[in-house]
1. Sorted by packing (mean other beta-carbon atoms within 10 Å per residue), highest first, where do 53-59, 69-75 land?
2. Once label points are set 7 Å from the Cα along Cα→Cβ at both Leu33 and Gln62, what is their separation, rounded to one decimal in nm?
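None of the figures in this text is laboratory data; all of them are computed from the coordinates on show. Bear in mind that the values here come from a model prediction, so they are computed numbers and not experimental data. Positions of Cβ are generated from backbone atoms using ideal geometry, with glycine treated the same way; all protein chains shown enter the neighbour counts.
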Amino acid sequence: MSFLLREASTPSRLAILTVLDMSWARPGSVLDLFLESFRIREGTEHFLNHLVIAGLDFRAFQYCQFVHPHCFHHKAAGLRSYANQIKKGGIRKPMNRLSHHTFHRRRIQALEEVILLGYIMVYTFRLSIVACQAI
């Protein structure tokens, strides 16, 4: 992730970060609308150069790579994979997407990693923007 942040951040180490799971990873999704909003608004397209997208599952990561150059697959430490959970009998029904709790925990871990690497971050959250900086 540090290489990607170096590549995408501004000289002052500012990056725009958003995260997604497979529910946003398909044509016509909110991600496509989000990216298009940078392209069509006057004077905002250059911000796409500083946008880093964390795919919280492999499908989200794959789709992100298809639509944007600065993507990484965030594999959260301490979380067992879906396959391991099935083997151990922990899941009884198919999982179509990350649970609400898992999504938020992984999102927080991704944000924490960026801050610990010393980057200033503008994080997109529910169509609002939150600025964060390590203290």
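1. Details: 53-59: 22.6, 69-75: 17.4.
Listed from highest to lowest mean packing, they are 53-59, 69-75.
2. Label at Leu33, label at Gln62, 2.5 nm between them.
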